[in-house]
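Peer 1: Input: one structure, supplied below.
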């Protein structure tokens with residue numbers, strides 16, 4: 001077994017595009033960069049790799065915890081800045097039917 005730990009990326013996950021909430025966008029994630037390219041298995045036709053660290057995904061509550069873990073394990077890491085999150089403007093359904101609306105609204 002190789003002792004090479006590779007490069008890790010520490011980031012805060014973005015908000016899901018499928019929901020308006022931010023439930024799974026909290027905390028920080030540590031993932032390893034791929035050490036080798038995926039190759040086609042000629043027998044099955046599936047893509048695979050011998051890189052087992054590509055399956056590791058660690059979650060932390062804070063960036064400091066993720067960095068401390070990487071340093072304690074001797075893992076080279078890069079920290080990505082969290083995605084910019086603007087203020088959410090509440091939307092009102094009644095605005096679709098407001099009198100004097102500038103643009104037409106139809107189905």
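The values are calculated or read from the model by the stated rules, or taken from the named source; none is laboratory data. Everything quoted here is computed from the prediction, not taken from an experiment. Reconstructed Cβ throughout: ideal geometry from the backbone, glycine too, with neighbour counts over all protein chains shown.
Peer 1: Kindly list the number of the only condition in (1) at pLDDT 95 or above; (2) not in a helix (DSSP H, G or I) that fails for residue 85.
Peer 2: It fails just one condition, (1).
Peer 1: Within segment 45-84, track down each residue that is surrounded by 10 or more Cβ atoms within 10 Å (Cβ to Cβ), without any contact (Cβ under 8 Å) to a residue 12 or more places away in the chain and within 19 Å of residue 14 (Cα to Cα).
Peer 2: Answer for segment 45-84, where residues must be surrounded by 10 or more Cβ atoms within 10 Å (Cβ to Cβ), without any contact (Cβ under 8 Å) to a residue 12 or more places away in the chain and within 19 Å of residue 14 (Cα to Cα): just 64.
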